[in-house]
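Step one of this worksheet: look at the structure below.
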């Protein structure tokens, strides 16, 4: 019964699209519906900017969304999608823009070169660095702790109920760019990665660690507003050299400084018109992003309010982005 | 239990506890001797994982040229997507005046003016909470998923109801669909159906179809054979019998099937949004990644409100006398709000006016922050005590024991509790887990589940007994239990996270909140149904209330309590896997990692399968005790 029903559905579908077979983006079947709720971003259509789970990203996304809505009259959707899944959204039409991409050479190869569903849309102007951090009081108290070679000596300090008899390295959202397991294995560190699950878990732990002088070793990244509030010190891993992170399983070096960039779907680049131009022109500094992110996290503002505040205060910056 | 009784009676005259104690001593001795050998440690790059990851890459590369995708899967996706777009555009076109009016009218037709009031108030609540658009998106998604679930579930259910062979074929499939933690099938589903609303609707359907099939089958098989024979003897064809006899007579139970399908679909809202389905789930995920209960709570409340409205509407259908026809007055009365709503569409804004919303984000966040700072000492104590006294010792016991010893222990326990057939199934599941290469993580997850179940049963027993003895306590507790059951499980994660940090205990706490309500209900029910003459006899022979409880009521409620244990285990397992998001690690985290990092897909998929095997194993170990074939009626309100 089930099979007959499905067969019926397929037959219907085939009839509707003239036996062409259907690809996921719905372009092969001539009459395949692509979603009236705004899959295609025509002039004044809906622009979908994926929201990855960290506040700096959200700050950029909200400022761009604010300008798209108020300067160009577009509708903007901000769906919560994690980094790697968002790239799949280019293929399905669920995502038009990733506003802050951290590297991901493998995804670029697959989605830009092979599948040709996405294109690069230039730098955001932000420089991004991922690293391991400790609160400043630890660096003052324990000599040499910022050198990875001494981490094993201090592993005992970082033990928690979750890491057992190893030191704990606190990690963030499971979807973040991560070499942690490989680093621990390849540098022979006596540590265990404990997943906090979110950026918020990292921030809270870092603040408590500095205020209550509790030991903490954690994964974090710059640009981030937290650096202006809480003193953190980076642990020096073996320095990055070109290509040392080529094989993800053999990484034994620090993260590179990344030029964060924007990725958009091919469809949006082709049909997005001025909206695409604005996304392409968008470029600001780490200070700008931190200001908006700080308002969102600590100023009690929604993304939209924080974006509005920044836009009103910095017209000279964003007016350069608006296409003529 | 019967085997011990027999052996005790046959000559040796050992006390009843001798056999189990002897087995325990042997197992403990074996543990001491063989500790640390054959432990099957975890390896992130096990060949099993890599093979699955490679398969995934291959599938992904051939998505647009493989005939299975081109002519089958992609069409399903397009069809579901088109249907969703249709629902969504109609609902958005109605705007809030239209939806309020139409829902009110439907509710009136279903159950009169009271239900209509509930519906109108509920729909307005979405607006007041400031979640109008997300709520409409959720309504569209649930609508599509329920419609398709019923379109597939009802025919299959009728078939299973009419033919015993069909029922036997369908039941194990339904078992797996229900026991599999919803989390575990997201990654494979995203592989076949991509992300977005259609994939979300399909994920929801997988979870919502089983009750549609089960309850329909039950409804059809309960139709009185006399009526069927009468109809056949009057010369009705099979089709006529089905349409004119079976379906009308099964109508009220089938309304229950609709009701349960809707409830199941609503409980998937959050999970579906992990693969980018639109709706209220997105707000909950946002709250989780910002660690703000203030964002999550209104969305959770909106889901509960939606559940209550749809529940009242469909339950009104269940309860209605099948012989009354709709009166013209009702039709007229229902027509008024519908017409008014539709007429107001052009006059009022489509989106709920912002001035009429209340924003509680800041207040809720403050309250949580207060609790966090002030309860810190207590919560840390609870967490550390549980972790160091129960969790860590048990985990090191299970992970350092040789795998064959654990298997032997499982076999023995399952044999004793549930008999040889189920014991062998449990053993097979465990060996499957070992072959999959996730032994160590499974043992860790099993530890967390065991501790959570222990806490759930303790709390559930206490509350259940209290409720059975005091009707007033029961009345106070009931609405709380209802809310705890309908609230999406994710909402519990955040306060737990705030109070206990990113630890295994957070997952344990959330799963206790999630699993306690059904346990309380079953225990309360079990004690209440102890026959009154038995209780009276005990009281008249001078039992104190304590003796009455321990010697009479609890032993007689044993089947209900064992059923509660069984349900608690399955629910806890589902929640512990979700706990992988917030530090519970092990299998849950493997699954999470599998759908957020492509290179870990294989591990995540395998961990998902292992979770199912673990679920079946735990179910089989405990299932025999209560003699019910498939006791999983989650979220029955």
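When each of B:560, B:586 is tested for being crowded, with 24+ Cβ neighbours inside 10 Å, more than 19 Å from residue B:267 (Cα to Cα) and touching a helix residue (DSSP H, G or I) at 6+ places or on another chain (Cβ under 7 Å), the lone residue that passes is B:586. Among the residues making up region A:178-187, those that are more than 11 Å from chain B (Cβ to nearest Cβ) and either part of a helix (DSSP H, G or I) or under 30 Å from residue B:285 (Cβ atoms) (or both) are A:179, A:180, A:183, A:184, A:186. Determine whether region B:116-138 contains at least one residue that is within 29 Å of residue B:191 (Cβ to Cβ) and away from chain A (no Cβ under 12 Å). Looking through region B:116-138, at least one residue is within 29 Å of residue B:191 (Cβ to Cβ) and away from chain A (no Cβ under 12 Å).
Here residue B:51 passes the criteria (1) touching a helix residue (DSSP H, G or I) at 6+ places or on another chain (Cβ under 8 Å); (2) surrounded by 15 or more Cβ atoms within 10 Å (Cβ to Cβ); (3) at pLDDT 85 or above; (4) closer than 30 Å to residue A:116 by Cβ except the one numbered (2).
Can residue B:168 be described as part of a helix (DSSP H, G or I), without any contact (Cβ under 8 Å) to a residue 24 or more places away in the chain and away from chain A (no Cβ under 14 Å)?
Details: part of a helix (DSSP H, G or I): yes; without any contact (Cβ under 8 Å) to a residue 24 or more places away in the chain: yes; away from chain A (no Cβ under 14 Å): yes.
Against the criterion (part of a helix (DSSP H, G or I), without any contact (Cβ under 8 Å) to a residue 24 or more places away in the chain and away from chain A (no Cβ under 14 Å)), residue B:168 qualifies.
Taking region B:408-424 as the range and being closer than 18 Å to residue B:610 by Cα and either surrounded by fewer than 17 Cβ atoms within 10 Å (Cβ to Cβ) or not assigned by TED's automatic domain parsing to the domain that holds residue B:609 (or both) as the test, only B:424 passes. Here residue A:175 fulfils each of the conditions (1) assigned by TED's automatic domain parsing to the domain that holds residue A:231; (2) at pLDDT 90 or above; (3) under 27 Å from residue A:286 (Cα atoms); (4) outside any helix (DSSP H, G or I) apart from (2). Just so you know, in region B:157-166 the residues that are at pLDDT below 90 and surrounded by 13 or more Cβ atoms within 10 Å (Cβ to Cβ) include one that is farthest from residue B:253 (Cα to Cα), and it is B:163.
Can you say whether residue B:390 is in contact with a helix residue (DSSP H, G or I) (Cβ under 8 Å, 6 or more places away or on another chain) and more than 23 Å from residue B:620 (Cβ to Cβ), as far as the supplied structure shows? In short, yes.
Yes or no: region A:160-172 includes at least one residue that is within 12 Å of chain B (Cβ to nearest Cβ), at pLDDT below 90 and buried (at least 21 other Cβ atoms within 10 Å of the Cβ).
Looking for residues that are within 12 Å of chain B (Cβ to nearest Cβ), at pLDDT below 90 and buried (at least 21 other Cβ atoms within 10 Å of the Cβ), one finds at least one in region A:160-172, hence yes.
Note on region B:171-194: among residues that are more than 11 Å from chain A (Cβ to nearest Cβ) and not in a helix (DSSP H, G or I), the one that is surrounded by the most Cβ atoms within 10 Å (Cβ to Cβ) is B:181. In region B:508-520 there is no residue that is free of Cβ contacts under 8 Å to residues at least 24 places away in the same chain, in a helix (DSSP H, G or I) and over 29 Å from residue B:479 (Cα atoms). Can you find a residue that is buried (at least 19 other Cβ atoms within 10 Å of the Cβ), in a helix (DSSP H, G or I) and more than 11 Å from chain A (Cβ to nearest Cβ) anywhere in region B:66-84? Among the residues of region B:66-84, not one is buried (at least 19 other Cβ atoms within 10 Å of the Cβ), in a helix (DSSP H, G or I) and more than 11 Å from chain A (Cβ to nearest Cβ), which makes the answer no.
To keep it simple, each residue is scored yes or no on (1) modelled with pLDDT under 80; (2) more than 29 Å from residue B:211 (Cβ to Cβ).
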position: B:259; (1), (2): no, no
position: B:272; (1), (2): no, no
position: B:315; (1), (2): no, no
position: B:323; (1), (2): yes, no
position: B:355; (1), (2): yes, yes
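Restricting B:136, B:156 to those that are over 21 Å from the mean Cα position of the chain (by Cα), assigned to a helix (DSSP H, G or I) and under 23 Å from residue B:243 (Cβ atoms) reduces the list to B:156.
The values are calculated or read from the model by the stated rules, or taken from the named source; none is laboratory data. Values in this document were obtained by computation on a predicted structure and should not be read as measured data. Using ideal geometry, Cβ is built from the backbone for each residue, glycine included, and neighbour counts are taken over all protein chains shown.
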